[in-house]
Structures are given as C-alpha cells and as structure tokens.
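Notes for the one structure printed next.
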Amino acid sequence: MTTQTKTSIEVTRRDVLGKKVSRLRREGMTPANIYGNHIDSVAIQLSTEQFRQFMRGHARNEMIYLQVDGEERPTFIRAIQRNPVTDQILHIDFLQVSLDHKVRLEVAVHVSGIAPAVDAHGGIITHALTSVQVEALPTNIPESLTADISVLTELGQSLHVSDLIAPEGVDILTDGGTVVARIDIPAAERSEEDEAAEGEEGEEGVEGEEGEEGEGEEGEGEGAEGKKDDSGREKRG
C-alpha cells in the first residue's frame with residue numbers, strides 16, 4: 001500500500017467568471033472552485049501546467065493543500081471537466097475537508113507478485129477490480145492498496161476484497177466478497193472442456209433412449225401373457 005505525502009499548490013482567487021474564463025485557459029490558467037460543508041464556495045485559478053505535473057506524479061485521491069491568500073486549505077479533487085475531443089482541462093472542483101472528520105473516497109487497487117498458477121498451469125490472471133471505496137480521516141487515506149496474487153496457485157482461484165490489507169484507521173467499504181483478481185482457465189482448455197461436456201451429454205442421451213426401449217419391450221412381454229381365471233389356470237384364447 002502507498003501512503004500519502006503532503007502536496008501544496010499555489011492558487012489565486014478568480015474574478016473572471018462565466019464564458020470569459022476561456023481567456024484564462026489561453027493564458028495557461030485553469031478555472032476552479034473550492035467548496036465544502038459549512039464553507040462558502042471560492043472561485044480560484046491555478047497554473048494548468050503545474051496541475052498537469054501534479055497529476056502525472058500523484059494519485060487522483062491524494063490530498064492537496066491549496067494555498068489561497070496565505071491560507072492553507074486541505075482539499076481533494078472532486079471532479080475534473082475535460083474537453084471530450086482535445087482532453088484539455090476545462091475546470092476543476094476541489095472539496096475542502098476537515099482533518100478531524102472522516103471522508104469516503106475511491107482508492108486504486110494495484111496487483112503485485114507472480115501467481116504460481118500462471119506458470120504451473122498456464123492460467124490467465126484477470127484484474128477484475130481496479131478500485132475500492134474506503135473511509136478514513138483525510139490524512140490517513142492511502143494512495144492505493146495492493147493485491148498480492150502470489151497466493152493464487154490453482155486455476156479458478158480468486159482474490160477478494162476481504163483479502164486486501166488496509167492501513168490502521170482505514171475501513172474498506174466495498175463488499176468483501178467482490179473479486180479483485182482471479183486465475184482464469186486458458187481459452188483453448190475451456191473449449192476442450194466444453195466439447196468433452198457436450199460429448200458426455202450426447203452419450204447420456206443415447207443411453208436414456210436405449211433404456212426406454214428396454215422398458216417398452218418388457219411391458220410388451222407382460223401384456224402378451226395370457227389372462228388367468230379364478231382358479232389360477234391360464235386361459236388360452
């Protein structure tokens with residue numbers, strides 16, 4: 001698991017609002033807002049390049065201390081609006097938090113280790129879950145959690161959320177039965193097993209038909225027997 005380091009970004013209050021913010025973007029600045037419980041929303045702007053550098057080297061759920069007018073505000077990124085064509089950052093929402101109150105955030109899950117079932121049995125590792133929701137104090141939120149797949153030794157084995165180890169003070173809220181990673185059977189082997197299963201089903205069907213014919217023959221034999229009179233002697237037609 002990865003713990004967070006303190007990161008600060010200098011921002012300034014923003015007077016440019018509405019459609020006029022396009023001018024800020026041309027000048028290399030990104031419009032943003034800070035909001036949170038029991039605080040007034042604050043319009044700010046920050047260097048687009050500085051924010052891009054932050055995103056390249058840090059996790060999305062890492063706490064950021066925004067420096068506003070000499071005041072340090074602990075925040076998390078709540079939303080990033082991008083241009084769907086150019087991927088340009090258009091706007092950022094920061095959620096200001098209290099360091100004394102727990103928050104809920106999505107935390108990335110990374111796979112580590114080598115699964116013995118891959119080499120021993122030709123299994124295929126599938127990373128089924130990439131993040132989980134956790135609850136903790138802001139300073140205790142981990143950047144990520146690690147799923148150790150070295151315990152997967154057989155085909156069909158799975159690693160679940162309940163197998164993840166979270167730091168002290170961090171509660172994982174995602175259902176413990178959710179699969180994080182599993183060892184899948186190679187496609188070629190699955191095809192062979194399916195064909196074998198179909199063959200067995202076909203053989204069972206043939207056996208069933210033969211059995212029904214046998215029962216019918218016995219029934220016909222019983223029906224061919226002559227009827228007996230009250231004395232027990234067989235009556236001949």
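The values are calculated or read from the model by the stated rules, or taken from the named source; none is laboratory data. Just so we're clear, the structure is a prediction, and the values are computed from it rather than from any experiment. So basically every Cβ, Gly included, is an ideal-geometry build from the backbone, and we count neighbours across all protein chains shown.
Only a single item in (1) outside any helix (DSSP H, G or I); (2) closer than 12 Å to Leu90 by Cα is not met by Ile39, and it is number (2). Pairs linking a residue in the stretch 164-176 that is at positive phi to a residue that is surrounded by 11 or more Cβ atoms within 10 Å (Cβ to Cβ) and in a loop (DSSP other than H, G, I, E, B), with Cβ atoms under 8 Å and 6 or more positions apart or on different chains, are Gly169/Leu137. All conditions but one from (1) modelled with pLDDT under 95; (2) surrounded by fewer than 19 Cβ atoms within 10 Å (Cβ to Cβ) apply to Ser131; the one that does not is (1).
Beta carbons closer than 7 Å, at least 6 apart along the sequence or on distinct chains, pair a first residue in the stretch 59-81 that is surrounded by fewer than 18 Cβ atoms within 10 Å (Cβ to Cβ) with a second that is assigned to a loop (DSSP other than H, G, I, E, B) for Ala59/Glu143; Tyr65/Lys6. Please go through the stretch 1-15 and give me each residue that is exposed (fewer than 15 other Cβ atoms within 10 Å of the Cβ), at pLDDT below 80 and outside any loop (DSSP other than H, G, I, E, B), ordered by number. Those that are exposed (fewer than 15 other Cβ atoms within 10 Å of the Cβ), at pLDDT below 80 and outside any loop (DSSP other than H, G, I, E, B): none in the stretch 1-15. Here's a check for you: in the stretch 92-120, which residue that is part of a strand (DSSP E or B) and without any contact (Cβ under 8 Å) to a residue 60 or more places away in the chain is surrounded by the most Cβ atoms within 10 Å (Cβ to Cβ)? Going through the qualifying residues, I end up with Val107. All conditions in (1) outside the structural domain of Gly28 (by TED's automatic domain parsing); (2) crowded, with 18+ Cβ neighbours inside 10 Å hold for Ile89, with the sole exception of (1).
Is it true that Thr75 is under 29 Å from the mean Cα position of the chain (by Cα), modelled with pLDDT of 95 or more and in a strand (DSSP E or B)? So Thr75 passes the test. Residues in the stretch 144-161 that are exposed (fewer than 15 other Cβ atoms within 10 Å of the Cβ) and touching a Gly at 6+ places or on another chain (Cβ under 7 Å): 1 in all.
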